[in-house]
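The values are calculated or read from the model by the stated rules, or taken from the named source; none is laboratory data. A quick note: this is a predicted structure, and the numbers were derived from the prediction, not measured. Note that we place each Cβ from the backbone using ideal geometry, even for glycine, and neighbour counts take in every protein chain shown.
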Amino acid sequence: MKTLRLPIHDEIDRFVGHYIGVMDMDAVRLAYLAAQVPENGLIVEIGSFWGRSSCFLASAAKPGVKIICIDRWDKPVDFKKFNENITHFGFDKIITPVHAKSLDVVRDFRDPIDLLYIDADHHYDAIKADYEAWMPLVRSGGTIAFHDYCGKAWPDVKRYIDNVVQEELQISGIYQLIWSGVKP
Ligand SMILES: C[S@@+](CC[C@H](N)C(=O)[O-])C[C@H]1O[C@@H](n2cnc3c(N)ncnc32)[C@H](O)[C@@H]1O
């Protein structure tokens with residue numbers, strides 16, 4: 001079966017790579033969620049690796065939208081490669097990378113978030129900590145999306161969403177491995 005792909009897909013596959021991160025339908029869904037963010041809105045991504053998902057988010061962002069990409073970029077995860085990748089597409093103009101641990105960043109973060117995308121540490125306590133710390137900063141009507149909503153490879157992501165997140169957010173969809181919900 002042929003999957004849905006975006007015009008920018010081939011170049012992201014070629015330049016950034018297909019090693020890890022979002023797959024085809026994940027990418028389409030992320031781009032869709034980014035496109036819903038209003039002009040001058042704010043997207044925060046936690047866990048950016050080499051920037052594959054960041055590029056898909058940026059590719060669909062409306063004018064004036066800013067994207068903050070947070071990653072600890074510990075070796076062998078390469079911050080230089082992330083920067084090369086976003087710069088290749090000109091996305092460095094809208095993406096601000098923050099080289100730090102998620103929970104260290106959130107302490108001083110004040111801006112209301114329109115779309116929060118969580119794809120960092122996939123263990124239960126870590127997902128819980130990220131969600132609890134960042135969720136209050138998402139504006140009412142904003143979206144929170146998670147990658148790896150998948151019982152087999154990452155049971156903790158699914159377990160946390162099923163147990164907690166879906167009680168608090170209004171589910172807006174599950175596309176491939178992306179679960180998303182709207183904050184009431
Ligand atoms: C699965 S990768 C992200 C893939 C990326 N979203 C993509 O699609 O290309 C997970 C990333 O989360 C980062 N990470 C894990 N725990 C983190 C934390 N506590 N704070 C910041 N980044 C973290 C890792 O360094 C890694 O780059």
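Just the residues that are within 15 Å of the chain's Cα centre (by Cα), within 21 Å of LEU33 (Cα to Cα) and among the charged types (D, E, K, R), please, taken from segment 64-106.
Correct list: LYS66, ASP71.
Give segment 9-52 a look and list any residue that's closer than 18 Å to ILE86 by Cα, crowded, with 16+ Cβ neighbours inside 10 Å and of a type in the set (Asp, Glu), or say none.
The one that is closer than 18 Å to ILE86 by Cα, crowded, with 16+ Cβ neighbours inside 10 Å and of a type in the set (Asp, Glu): GLU45.
Taking the stated definitions as given, is GLU39 of a type in the set (D, E, K, R), under 12 Å from the mean Cα position of the chain (by Cα) and at pLDDT 95 or above? Working first, answer last.
Working: of a type in the set (D, E, K, R): yes; under 12 Å from the mean Cα position of the chain (by Cα): no; at pLDDT 95 or above: yes.
It is false that GLU39 is of a type in the set (D, E, K, R), under 12 Å from the mean Cα position of the chain (by Cα) and at pLDDT 95 or above.
How many residues are in contact with a Ser or Thr (Cβ under 8 Å, 6 or more places away or on another chain), within 12 Å of the ligand (Cβ to nearest atom) and under 20 Å from VAL182 (Cα atoms) when one looks only at segment 48-66?
The total comes to 0.
Of the numbered conditions (1) crowded, with 16+ Cβ neighbours inside 10 Å; (2) modelled with pLDDT of 95 or more, GLN170 fails exactly one; give the number of that condition.
(1)
Kindly establish whether ASP162 is closer than 18 Å to VAL44 by Cβ, of a type in the set (Asp, Glu) and more than 12 Å from the ligand (Cβ to nearest atom). Give the steps one after another, and end with the answer.
Numbers: closer than 18 Å to VAL44 by Cβ: no; of a type in the set (Asp, Glu): yes; more than 12 Å from the ligand (Cβ to nearest atom): yes.
Here the answer is no, as ASP162 does not meet what is asked.
If you take the residues of segment 135-159 that are part of a strand (DSSP E or B) and surrounded by fewer than 16 Cβ atoms within 10 Å (Cβ to Cβ), which of them is farthest from the ligand (Cβ to nearest atom)?
Only one residue fits best here, namely SER140.
Only one of THR87, THR3 is under 26 Å from PHE109 (Cβ atoms), polar (S, T, N, Q) and surrounded by fewer than 15 Cβ atoms within 10 Å (Cβ to Cβ). Can you tell me which? Steps first, answer last, please.
Values: THR3 fails: under 26 Å from PHE109 (Cβ atoms).
Within the list THR87, THR3, the selection yields THR87.
For the subset of segment 107-128 comprising residues that are within 8 Å of the ligand (Cβ to nearest atom) and free of Cβ contacts under 8 Å to residues at least 60 places away in the same chain, which member is surrounded by the most Cβ atoms within 10 Å (Cβ to Cβ)?
In this case the residue turns out to be HIS122.
With the structure loaded, tell me whether ASP104 is at pLDDT below 95, within 14 Å of the ligand (Cβ to nearest atom) and in a helix (DSSP H, G or I) or whether it fails that test.
Working: at pLDDT below 95: no; within 14 Å of the ligand (Cβ to nearest atom): yes; in a helix (DSSP H, G or I): yes.
Judged against the criteria, ASP104 is not a match.
Looking at segment 39-49, which of its residues are under 24 Å from ALA133 (Cβ atoms) and touching a Lys or Arg at 6+ places or on another chain (Cβ under 8 Å)?
GLY41, LEU42, ILE43
For segment 175-184, which positions are farther than 15 Å from HIS122 by Cα, surrounded by 14 or more Cβ atoms within 10 Å (Cβ to Cβ) and not basic (Lys, Arg)? Reasoning before the result, please.
Our first condition is that a residue be farther than 15 Å from HIS122 by Cα; within segment 175-184, this holds for 175-176, 180-184.
Add one more test, that the residue is surrounded by 14 or more Cβ atoms within 10 Å (Cβ to Cβ), and what stays is 175-176, 180-183.
Correct list: TYR175, GLN176, SER180, GLY181, VAL182.
Search segment 50-90 for residues being in contact (Cβ under 8 Å) with a residue 60 or more places away in the chain and of a type in the set (A, V, I, L, M, F, W, C), and hand back the single one that is farthest from MET135 (Cα to Cα).
PHE89
Return the pair list, or none, for Cβ contacts closer than 7 Å from residues in segment 1-25 that are in contact (Cβ under 8 Å) with a residue 12 or more places away in the chain to residues that are part of a helix (DSSP H, G or I) and aliphatic (A, V, I, L, M), at least 6 apart or on different chains.
Close Cβ pairs (under 7 Å, with a partner that is part of a helix (DSSP H, G or I) and aliphatic (A, V, I, L, M)) amount to THR3/MET25; LEU4/MET25; LEU4/VAL28; LEU6/ALA27; LEU6/VAL28; LEU6/ALA31; HIS9/ALA27; VAL22/LEU30.
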